[in-house]
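The values are calculated or read from the model by the stated rules, or taken from the named source; none is laboratory data. In this text the structure is predicted, and so the values were computed from the model without any measurement. Virtual Cβ from ideal backbone geometry, glycine too; neighbours counted across all protein chains shown. When the accessible area is computed, the model is the full protein with side chains, heavy atoms only, and any ligands, DNA or RNA have been set aside. Shrake-Rupley method; radii C 1.70, N 1.55, O 1.52, S 1.80 Å.
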Amino acid sequence: MDISVVIPLYNEEESLPELYAWIERVMHANGFSYEVIFVNDGSTDGSWRVIEALKEAHPDTVKGIKFRRNYGKSPALFCGFERAEGRVVITMDADLQDSPDEIPELYRMITAEGYDLVSGWKQKRYDPLSKTLPTKLFNATARAISGIHNLHDFNCGLKAYRREVVKNIEVYGEMHRYIPYLAKNAGFGRIGEKVVRHQARKYGKTKFGLNRFVNGYLDLLTLWFLSTFGVKPMHIFGFLGSIMFLLGFVAVVMTGATKLYDMYAGNPYRLVTDNPYFYLSLTTMVIGTQLFLAGFLGELIARNSQERNKYQIEQEF
């Protein structure tokens with residue numbers, strides 16, 4: 001099979017028939033063999049009834065997954081990826097803002113140009129300023145932390161993947177925003193970008209609020225930390241703990257030495273315990289010790305992890 005189209009959705013019953021008909025036209029015009037996997041993320045409208053009707057009318061090309069409740073886009077993509085059988089996997093949103101006309105070129109970039117992943121870039125957006133400005137800041141931060149400097153729109157739902165990519169990454173929580181970063185960490189470094197057409201929403205309203213930018217920032221820090229220190233926590237906690245302990249220890253010694261010098265020089269002096277710097281120094285030493293122990297415990301946990309020696313092997317003889 002050439003292409004699997006994975007479509008996560010939540011309350012999009014009006015757009016689904018039109019979206020499937022559009023995908024069908026594109027696939028037939030280009031001679032692709034394909035499947036469309038609709039993942040109903042706990043919709044409360046008639047989305048599942050529409051998917052069942054599409055399945056009945058197109059049993060060979062339509063697949064459906066129905067969650068009992070709303071879990072989020074990442075779990076929906078994860079389940080869709082598990083069931084995808086196509087050589088190339090395409091993801092798109094169900095709100096008709098992503099154009100299926102982009103599919104042939106995305107497929108060509110994966111199969112002919114050798115990309116592992118191609119991400120869409122909605123260079124011209126039909127979103128309000130309150131959404132586009134935070135998006136630009138979010139993407140700039142993601143580029144800086146991930147090191148993937150050629151992507152302008154990490155969160156674009158329209159992406160294409162080589163099948164091996166989606167079978168070797170785990171999308172969880174709200175990590176769908178950082179799939180390119182997950183792919184890079186899994187060893188799939190050939191990541192490209194294509195300018196795609198962004199269309200104004202035709203039905204319903206957006207399901208995402210401004211809290212996604214806060215959550216996205218925290219998720220990015222989590223992903224950066226796990227990819228950098230996930231299997232070597234002592235390298236960060238042990239280093240910071242050692243530095244803080246040494247600074248506190250030196251400060252304590254200097255506080256004591258200053259008092260001894262004043263005593264022998266006949267200068268006025270006060271008790272060490274009356275000096276606030278003494279307590280700051282002790283606090284620094286205690287925090288340093290705690291950080292070091294956190295790194296040590298992290299190493300013990302990582303050593304017993306089943307994922308410790310799980311590596312991505314591309315080829316073997």
Task: Of all residues making up segment 53-80, the number that are within 13 Å of residue 7 (Cβ to Cβ) and of a type outside the set (D, E, K, R) - done: 9
Task: Condition check for residue 225: surrounded by fewer than 14 Cβ atoms within 10 Å (Cβ to Cβ), under 30 Å from residue 180 (Cβ atoms) and modelled with pLDDT under 80 - done: yes
TODO: Return the pairs, sorted by first residue and then second, in which the second residue is among the aromatic types (Phe, Trp, Tyr), the first residue lies in segment 263-286 and is surrounded by 10 or more Cβ atoms within 10 Å (Cβ to Cβ), the beta carbons are less than 7 Å apart, and the residues are 6+ apart or on different chains.
DONE: 263/269; 272/278; 285/245; 285/249
Task: The lone exception for residue 14 - which of (1) of a type in the set (D, E, K, R); (2) touching a helix residue (DSSP H, G or I) at 6+ places or on another chain (Cβ under 6 Å); (3) over 20 Å from residue 84 (Cα atoms) it fails - done: (2)
Open item on the list: What's the total number of residues in segment 149-165 that are over 13 Å from the mean Cα position of the chain (by Cα) and either in a loop (DSSP other than H, G, I, E, B) or not aromatic (Phe, Trp, Tyr) (or both)?
Closed with: 11
Task: Top-ranked residue in segment 228-244 [being open to solvent by less than 40 Å² (accessible area, probe 1.4 Å) and part of a helix (DSSP H, G or I); ranked as farthest from residue 182 (Cα to Cα)] - done: 241
Open item on the list: Exactly one of these conditions fails for residue 247: (1) assigned to a helix (DSSP H, G or I); (2) modelled with pLDDT under 85; (3) open to solvent by 40 Å² or more (accessible area, probe 1.4 Å). Give me its number.
Closed with: (2)
Open item on the list: Let me spell it out: the conditions are (1) among the hydrophobic types (A, V, I, L, M, F, W, C); (2) farther than 29 Å from residue 29 by Cβ; (3) surrounded by fewer than 21 Cβ atoms within 10 Å (Cβ to Cβ), and residue 142 meets all of them except one. Which number is the exception?
Closed with: (3)
Open item on the list: Looking at segment 281-290, can you tell me whether even one residue there is part of a loop (DSSP other than H, G, I, E, B) and not hydrophobic (A, V, I, L, M, F, W, C)?
Closed with: no
- [ ] Residue by residue through segment 1-21, note down the ones that are of a type in the set (D, E, K, R) and surrounded by fewer than 21 Cβ atoms within 10 Å (Cβ to Cβ).
- [x] 2, 13, 14, 18
Open item on the list: For segment 108-123, give me the residue count where each residue is part of a loop (DSSP other than H, G, I, E, B) and more than 20 Å from residue 18 (Cβ to Cβ).
Closed with: 6
Open item on the list: Between 44, 61, 141, 135, which is of a type in the set (S, T, N, Q) and under 22 Å from residue 185 (Cα atoms)?
Closed with: 141
